[in-house]
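For reference, the structure is listed below as structure tokens.
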């Protein structure tokens, strides 16, 4: 099975050719200023790629337009549960690379693991495969399980 993915570069052509990490502090500050002005919390889920907060991940999950990929081992998942609807893709499995390449790169992907190490590596792999809209959930399942109920 071969999947082609179009990667759209949304950077300013006058800046460096290397992709930079999105500045999530600006996103968080905009969200906070909107909240102050309207009295409502609005979470930005329109980032092109990068590290996202737990709140952004929850909004993405609630939208139903994102794939959530759990990179932990079956034993880790059995201990703490997982994000509802997440696909399991054990990064320590010998077939990981083959299974990873079968992901649908056209649908935005949120990677997470226990605390962030594996998801950072997976996001880099996805970017190298020219997947667009890939995200690393900050604080991983450790943070998620403290903030939200799991299944």
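None of the figures in this text is laboratory data; all of them are computed from the coordinates on show. Owing to the predicted nature of the structure, the values given are computational and were not obtained by experimental measurement. We place every Cβ from the backbone using ideal geometry, glycine too, and count neighbours over all the protein chains shown.
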Can you sort 49, 145, 115 from fewest to most other Cβ atoms within 10 Å of each residue's own Cβ?
115, 145, 49
Can you give me the pair-distance distribution of region 78-130, C-alpha pairs, 5 Å bins, whole percents?
4, 17, 31, 29, 15, 4, 1
Full-stretch length increase - residue 92, residue 73 - with 0.36 nm per residue and alpha-carbon distance subtracted:
6.1 nm
How far apart, in nm, are the 7 Å Cα→Cβ label points at residue 104 and residue 147?
2.6
Please list 98-106, 62-70 highest first by mean number of surrounding beta-carbon atoms within 10 Å per residue.
62-70, 98-106
Starting at 0 and stepping by 10 Å, how many percent of the alpha carbon pairs of region 54-151 end up in each bin?
17, 55, 26, 1
I need the calculated FRET efficiency for the pair residue 62 and residue 127, taking r as the beta carbon distance and R₀ as 25 Å, to the nearest 0.05.
0.50
